[in-house]
Structure formats: structure tokens, C-alpha cells
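Single-structure report; data block below.
Since every read-out is calculated from the coordinates, none of them should be taken as a lab result. Worth saying up front: this structure is predicted, and the values here are computed from it rather than measured. Quick reminder, even Gly has a Cβ in these numbers, built from the backbone with ideal geometry, and neighbours come from all protein chains shown.
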Amino acid sequence: MSTNKQISLAMLIGSASGGHPASWLHPKANAAGSTDVAYYRSLAQTAERGLFDLFFIADTPAARTDNLHAWSRFPMFMNVLEPVTLLTALAGATTHIGLGGTVSTSFSEPYNVARQFASLDHISYGRAAWNVVTSANDYAARNFGHSTLPPHALRYEKASEFVDVVNKLWDSWDDDAFVHDRNTGLFFEPTRQHAVHHEGKFFKVDGALNVARSPQGKPVIIQAGASDTGLELAARTAEIVFASASNPQDAKRGYDELKGRMAKYGRHPDQMKILAGLPVVIGNSQQEAEDKYQALQEMIHPDVGRFRLGTDLEADLSDLPLDEPIPESRLPKSANLHKAFFDGIMKIIREENPTLRQLYLRYERGRKTIKGTPKQIVDVMEQWIAMGATDGFMMQFSTLPDGLEDFVNLVVPELQRRGMFRTQYTGTTLRDHLGLARPANAHAA
Amino acid sequence: MILTVSPGGGGAPPTPSLPWFRTLVRIAERGGLDAILFDGQWGPSSAFNLDPLPLIVALAECSTRIGLAGAIEIDHAEPFNIARSFAAADRLTAGRSALIAATGARRPGDFGHAPVRTAAERQARAVECIAVVRKLWDSWEDEAILLDKPNGRFSNPDRVHPINHMGDFFSVRGPLNAPRPLQGNPPVILRDASPEGLALARQIADVFIAPVADLPAVRQALGDRPRLLVTVPFAGAPDQFAARLAELASLCDGFDIAINTLPTDLGTVVDAVVPLLRARGLRPATYEGKTLREHLGLARPRSQFAA
């Protein structure tokens with residue numbers, strides 16, 4: 001089976017040592033890597049050697065403040081560098097790879113975010129991308145004067161207006177506004193400024209950005225929301241969407257549904273790249289990959305295992321014995337938070353009645369890590385592409401840097417052999433890599 | 001004598017690029033200057049200004065010792081975001097970052113939805129904002145990170161502190177989700193000639209930059225703690241300029257030289273003025289410390305939450 005469709009590849013940095021909850025404990029992991037710029041530089045350079053489109057840093061503006069007995073052994077987002085600042089440092093260490101990061105619309109000013117990403121786009125010569133999120137936890141709200149997050153609908157209403165204001169600010173100068181004419185002494189052409197006069201429900205902005213339109217015209221906009229409101233915002237404004245289905249059939253349904261919503265906003269389906277999240281563990285044989293994964297699972301501390309299960313089961317499991325099944329009396333009848341995760345665990349409990357330890361050792365929180373040889377992994381990717389389930393993949397590596405190195409050294413050549421992936425960068429900006437047109441200024445005649 | 005420079009005015013290319021900024025930083029570091037300050041006001045037009053924070057981080061890589069200060073308009077920023085950004089910047093500059101806290105810029109249009117504040121309210125907000133930023137910087141004690149693989153303990157929860165701040169302008173739970181900055185707290189710099197600015201500096205500044213006027217009175221009003229730098233334009237022959245700095249040196253802790261023609265005047269400061277100051281014993285032959293705090297002679301503070 002062969003296809004000539006070129007895939008897009010992004011890589012996710014959630015935790016610096018990898019996507020697995022015990023990744024920092026891996027003997028090869030750099031446990032202090034999450035604040036070490038040299039470590040990130042080397043990751044980004046490896047991804048660039050693998051010709052990735054995008055190096056992406058996930059973020060939430062908060063540390064966890066409860067259940068520290070578990071979080072102190074599973075430090076997700078607990079000790080990390082602020083993404084835009086970090087990406088700027090990576091811009092100087094790389095030349096082609098796109099640089100994306102998350103900034104929440106719930107706790108920032110549109111002017112500041114527009115300026116930060118425009119600056120990153122200038123500093124990286126056209127490689128910036130902003131992942132628009134509304135934040136989904138109260139830890140973040142409590143750092144910004146609220147006790148809980150505003151309701152979902154209100155957050156998205158605000159996000160929608162926020163993105164509009166940022167887009168207007170990015171267009172507040174024509175591309176050729178700065179004429180630098182020494183003869184006439186004209187630095188910029190006044191008619192080529194388009195001040196924003198925005199007055200909405202959440203924001204009132206009457207000004208122009210104080211930096212020229214950026215190399216990509218606008219930094220690339222990323223979203224990942226899966227709710228109806230989130231999909232609507234993505235259909236209207238997103239250029240990359242991270243999708244999270246764990247099988248190609250569901251992914252295909254989601255893909256068609258999201259791209260189908262674009263027409264009513266006057267957008268063509270090709271103006272958005274949907275990237276499916278794909279966690280992988282690579283081995284020389286399938287057994288070796290399975291063994292690597294199992295070794296990681298066994299490093300999960302019981303406190304962490306209990307806590308992760310307890311979070312999604314919405315029950316306190318901290319006093320339960322590890323080698324007995326969870327008594328049904330301890331569990332609520334239905335989910336209040338993450339219904340899909342809750343129902344998934346309950347299905348296993350009903351069908352197999354595992355012990356608490358067995359359950360946490362196999363629990364993946366809605367994901368399904370692909371464990372296999374480079375060929376097997378590319379077979380899976382090829383199947384997703386052939387089914388029209390995705391435009392590319394957001395790679396997630398259980399451990400870093402070795403997962404990424406294996407991918408670049410073994411999987412990328414296999415993708416190239418099958419004609420699915422570039423053999424060199426042909427452009428210089430992130431938009432070039434993705435095949436996204438540089439947007440014209442909305443004010444252009 | 002502390003010596004910093006603020007690039008501004010002429011000589012910049014029409015759209016200053018990263019290589020151009022790197023040139024400035026390399027020249028300044030060649031002269032052993034303590035810091036280079038980016039207010040977002042360089043170049044012939046303030047219409048083309050990269051955000052100073054990403055800029056100083058981008059400049060970290062081409063330098064090893066010089067301090068890199070960037071301005072934030074704190075009137076329009078959240079303390080949690082400021083604390084995070086500078087915690088990252090301090091890590092990425094290896095302890096050479098400083099926060100120039102800018103207040104009072106008249107740009108109502110860009111943040112039109114923000115409440116209108118009187119000068120007194122703005123000042124009170126600034127004081128509270130910086131206090132919250134410092135609490136957040138201190139929320140992970142230096143010893144909080146364990147990285148203890150054998151026992152599976154990444155951090156010690158007893159040394160991580162929610163700040164539970166409830167004030168007039170902010171309520172912030174914390175802790176920061178970033179490690180303590182390498183400098184503990186990156187220095188906070190204020191530059192404001194008004195009486196209100198001086199009053200604010202007394203409360204929140206590690207470094208205050210003032211014009212050459214009534215220096216004994218400014219020193220007294222400022223208190224002993226903040227470093228007092230005097231802003232001076234670079235003008236005149238190097239020997240006269242060096243002599244003038246030497247003459248004023250007893251009234252302040254040092255100088256911030258405003259460079260108006262770039263990069264030539266910066267080169268003159270480094271190659272002609274600095275050697276004269278060294279000859280007078282006013283400047284060290286080379287960097288003696290590694291962090292900006294060390295250059296400024298400011299001790300690294302312990303976390304305010306440390307037992």
C-alpha cells in the first residue's frame with residue numbers, strides 16, 4: 001500500500017521527560033530537564049533533524065496544590081518553563097522547525113498575547129504558532145483572582161472574542177507599511193496602519209500593535225477543544241487542530257465533522273490541518289516495545305496509580321489494598337467530570353474484575369499507545385492516512401529523548417521510503433511546511 | 001560603580017533584527033558592562049518594537065555574563081504571568097535577567113476594557129503586583145526539587161507553598177508552576193523621574209534609575225536598599241565624560257548610559273570610556289560574578305517561605 005499524500009508531523013512536549021507518568025524515573029531520563037534550556041535545545045534539534053513541522057509545548061498556568069503526595073511523584077506541569085519564553089530561546093538554536101506553545105485566553109490580555117506571538121514570529125523568522133486554550137482546571141483560575149473557572153460556554157465566548165481581537169491586531173499594519181524612505185524621511189506610510197476599534201462583550205481595544213506584521217502574516221493558530229463550542233471555534237479560526245481519537249474510525253468521523261463545519265465560515269478544508277495524537281513506543285521487535293512499555297508501567301508508584309485512577313473514578317482510593325478489586329460500594333454510579341474516562345474504567349472493572357494494582361498498571365487514560373517496530377508504526381500511520389482520518393500526527397513519546405531519537409532514526413526513514421514524508425524542508429516558515437497559505441491582510445485592497 | 005546601558009535613539013536599522021541586537025549585546029559584554037536595558041523604546045520609531053521579554057531571552061545565547069533587562073507594562077499584566085515569564089527568563093539567561101517594571105504609560109486604547117485607575121490606585125496596584133510576583137518566585141523553596149529516582153520523589157511537598165494572597169487588586173492562590181529563579185528574585189528595576197515614581201521605587205525597586213538632579217535628596221527618599229543609578233546621555237569626549245562620572249560617583253551607586261547613536265557610541269563607551277574608569281579604579285577589569293545580582297552587589301534572597 002502506498003500513498004503520495006504528504007503527512008504533517010508535530011511533536012508534543014507535555015512533561016519534558018516524556019508522556020508516561022513515570023517517565024522521569026526512567027534510568028535514561030534527565031529528571032531536571034524540564035528547566036534546562038540545553039536539554040530542550042537538543043530535543044528541538046533532534047526533531048528538526050527528523051524534519052518535523054512543529055515542536056509543541058503544552059502548558060497550564062498553575063501548579064497543583066492538593067494531593068501533593070501523588071503529584072510530587074508525578075510532576076506534570078509542576079516545574080516547567082513558560083512556553084513563549086522557552087520557544088524564543090529555541091528559535092536561535094533551530095532554523096526550520098515550527099515553534100508552538102499554549103497560552104490561555106482566560107487569564108491574559110489580547111494585546112499582550114498578540115504582541116508576544118508576533119515577536120516570536122519575528123525572532124524565529126516565521127515559525128510561531130499559538131495554541132488557543134480556555135484552561136480547564138480551577139488551579140489556574142485561583143491564580144488569577146477566581147475561585148473556579150467561569151462556565152465552559154462563557155469561557156469559549158470569551159476565547160472567540162479574544163482570537164478575533166488578536167487577529168485584528170496582527171492585521172493592524174499592512175505588510176508594506178514600514179517604507180523606511182530615507183529620502184523623504186518617511187519611516188512608515190500612515191495610510192497603511194489600520195488601528196483596531198474593537199468593542200465587544202469582554203474586550204475593548206482601540207489601538208494598533210507596536211510591531212510590524214509578522215513574517216507569516218499571522219502566527220499559526222492551533223486548537224484542540226473537542227466540545228461542540230470548541231469545534232465551532234476551531235472551524236472558524238483554527239489552522240492546526242490536535243485530535244484525540246484513539247482509533248481511525250472515530251478519528252475519521254471527527255475529521256469529517258470538523259472539516260464539514262468550515263464551509264459556513266467561508267473556509268476551505270485545506271486551510272486546516274488535523275493532527276491525530278499518536279503515542280508510540282518503538283522497539284526492534286514488537287516484544288521489545290511491549291517490554292519497554294511494561295517496564296515503565298511498573299515504575300508507577302502505587303500512590304500515583306491510585307491517584308490517577310481515583311481522579312477519573314471520582315473516588316478516594318488512597319486507603320484500599322492494592323491486590324484486591326475495588327469494592328463497588330466505593331464508586332459513584334456515574335461520572336461528573338470526564339465521562340469517557342470513567343465509563344472506560346468501569347467497563348474493565350465489570351468485565352474483568354482486576355485488582356487495583358492490575359487496573360492502574362494498564363490504565364492509559366483514553367489513549368492507546370502503539371507499541372511496535374518502525375514498520376508496524378508506519379503501517380498504523382499509513383492506515384489512518386489512507387482512511388482519510390487525519391492530515392498528520394502529533395507524536396507523543398513515552399520517554400524522552402530516546403523515544404524521539406528512535407522515531408527520527410528509524411521511523412522517519414520508513415515514512416520517507418513510502419513517500420509519505422518530506423526528505424528535506426522545502427520552505428522556511430511553519431506555514432510553508434504545513435502547506436498553509438500566508439494570509440492576506442484583511443485590510444488589503 | 002555599576003554601569004549599564006540603555007539603547008535608544010538613532011543608529012538603529014529601520015527594522016532592528018536579532019543579529020543587530022546581538023551585535024549590541026556583544027559590544028556591551030566586551031566592555032564588561034553590568035547590564036543592557038531594553039525598555040521597548042529603541043530605534044527611530046516606537047512603532048517597531050519587539051516585546052522586550054522574548055528579546056532578552058533570544059539574546060541570552062550570544063552572551064555569558066552581561067545582565068539582560070526587559071520591560072513589562074505591569075499595569076496591564078497579571079502577576080502570575082509576570083512571575084512565570086521571568087522565572088523562565090532567569091533560567092534561560094542563567095541568572096542574568098531583570099524586570100523593568102513600567103507603569104503609567106498612556107495607552108488606554110490597547111487595554112480599553114480595563115478599569116480606569118487614578119495614579120494612586122495604579123501605584124497601589126503596582127506595589128501589590130510586585131509583592132505577589134515575589135511571593136510566587138519564593139513559592140518553591142530552593143531545596144524543593146529532589147529528583148530522587150530511587151525513592152520516586154520528584155519534589156518535597158513541604159517546601160512548596162501556596163501563597164494564598166488576597167489583596168485589594170489580586171487574589172492568587174499559587175504556588176508558581178516553575179522552579180525558583182536562579183537569582184531567587186530577579187532584580188526589579190524602576191525608571192521614573194516623578195515624585196510618585198520615587199515613592200513607588202522605595203517600596204518595590206531593587207534598582208532605581210533617576211535623572212541627575214537633587215541626588216542627595218533622591219538617595220534619602222529612596223532608602224538604603226535599592227541601588228541608585230543615574231541616567232546620563234553619552235555626550236562629549238570620553239575623558240570629559242569619564243571625569244564627570246567619577247565626579248558624580250559618590251552620590252549614587254552607578255550609571256545607566258543612554259546611547260543615542262548605535263552602535264558607534266556604544267563602541268566608544270566600551271573602548272574609550274570604560275578603560276578610563278578602570279584606570280581610576282572605578283570599574284573592575286572583568287566580570288567578577290556570574291549573575292546580575294552579583295554584578296549589582298545585591299545578595300540572593302532566601303525564600304520568604306523558608307523556615
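About its Cα centre, chain B has a charge dipole of approximately 440 debye under the convention of +1 per Lys or Arg Cβ and -1 per Asp or Glu Cβ, with nothing else charged. For segment B:210-307, GluC sites (Glu not before Pro) are listed when DSSP marks them as loop and at most 13 other Cβ atoms sit within 10 Å of their Cβ; the list is B:E288.
A Gaussian network model of chain B, with springs between Cα atoms under 10 Å, assigns the largest mean-square fluctuation among B:P14, B:P79, B:P150 to B:P150.
Fully extending the segment from A:S329 to A:N137 would add 66.3 nm, taking 0.36 nm per residue of separation and subtracting the current Cα-Cα distance.
Positive-end ranking of A:L296, A:P325, A:L313 along the dipole of segment A:294-362, with charges on Cβ about the Cα centre, is headed by A:L313.
Relative contact order, whole percent, for segment A:1-112 stands at 31, derived from Cα pairs under 8 Å and 6 or more residues apart. Rounded to the nearest 10 degrees, the inclination of helix A:302-313 to the longest alpha-carbon principal axis of chain A is 70 degrees. Counting Cβ atoms of other protein chains within 10 Å of each residue's Cβ and taking the mean over peptide B:56-66 gives 4. For the residues of B:79-89, the average number of beta carbons from a partner chain within 10 Å of their own beta carbon is 6. Farthest toward the positive end of the dipole of the protein assembly as shown, out of A:P219, B:G40, A:H338, is the Cα of A:P219, where the dipole comes from beta carbon charges about the Cα centre. The simple spin-label model puts a point 7 Å past each Cα toward its Cβ; for B:T15 and A:R253 those points are separated by 4.7 nm. Counts of other chain beta carbons within 10 angstrom of each beta carbon in peptide B:24-33 average 0. Taking the longest Cα principal axis of chain A as reference, the axis of helix A:248-260 is set at about 30 degrees. Counting only other residues whose beta carbon sits under 10 Å from that of B:F154, what net charge do I get with K and R as +1, D and E as -1? My count for the surroundings of B:F154 gives +2. Dipole check for the protein assembly as shown: with +1 at the C-beta of Lys and Arg, -1 at the C-beta of Asp and Glu, and the Cα centre as origin, the magnitude is about 340 Debye. Ranking A:V280, A:A63, A:V179 by how far each Cα lies toward the positive end of the dipole of chain A (charges on Cβ) leaves A:V179 at the top. Rank A:S23, A:S285, A:S160 by mean-square fluctuation in a GNM of chain A with C-alpha springs under 10 angstrom and give only the top-ranked residue. Checking each option, the largest mean-square fluctuation is seen for A:S285. Angle of helix A:339-352 to the longest C-alpha principal axis of chain A, folded into 0 to 90 degrees and rounded to 10: 20°. If N is the number of residues in segment B:102-170, what value comes out of its Cα radius of gyration divided by 2.2 N^0.38 Å? In units of the 2.2 N^0.38 Å rule of thumb, it is 1.67.
Take the Cα of A:V380, step 7 Å toward its Cβ, do the same at B:R26, and the gap between the two points is 4.7 nm. Could you state, as a whole-number percent, how many of the C-alpha pairs of the protein assembly as shown are farther apart than 35 Å? Cα-Cα pairs in the protein assembly as shown separated by more than 35 Å: 47 percent.
Listed by chain and number, the aspartates and glutamates whose alpha-carbon sits under 19 Å from that of A:K5, ignoring those within fewer than 8 places in the same chain, are A:D53, A:E239, A:D256, A:D270, A:D379, A:E382, A:D391, A:E414, A:D432. The mean sequence distance of close C-alpha pairs (under 8 Å, at least 6 residues apart), as a share of the length of chain A, puts its relative contact order at 23 percent.
As a length-normalised measure over Cα pairs under 8 Å and 6 or more apart, the relative contact order of segment A:294-362 settles at 41 percent.
Structure shown: which of A:K158/A:K218; A:K28/A:K292; A:K333/A:K371 lie over 24 Å apart, alpha-carbon to alpha-carbon? In this structure, A:K333/A:K371 lie more than 24 Å apart at Cα. Of the peptides A:177-188, B:19-30, the ranking by mean beta-carbon count within 10 Å, highest at the top, reads B:19-30, A:177-188. A Förster distance of 45 Å, applied to the separation of the beta-carbon atoms of A:V179 and A:K339, puts the FRET efficiency at 0.20. Here's the list of lysines a cross-link from A:K339 could span, going by alpha-carbon distance under 16 Å and ignoring same-chain residues fewer than 8 apart: A:K347. Each of the peptides B:130-143, A:220-233 was scored by the mean count of other Cβ atoms within 10 Å over its residues; in descending order, highest first, they stand as B:130-143, A:220-233. Placing +1 on each Lys and Arg Cβ and -1 on each Asp and Glu Cβ, with no other charges, gives segment A:294-362 a dipole about its Cα centre of roughly 220 debye. Shape class for segment A:1-157, computed from the alpha carbon gyration tensor (a ≥ b ≥ c): oblate, with a/c not under 1.5 and a/b at or below b/c.
Note on A:Q286 and A:I349: the model spin-label points, each 7 Å out from Cα along the C-beta direction, lie 3.2 nm apart.
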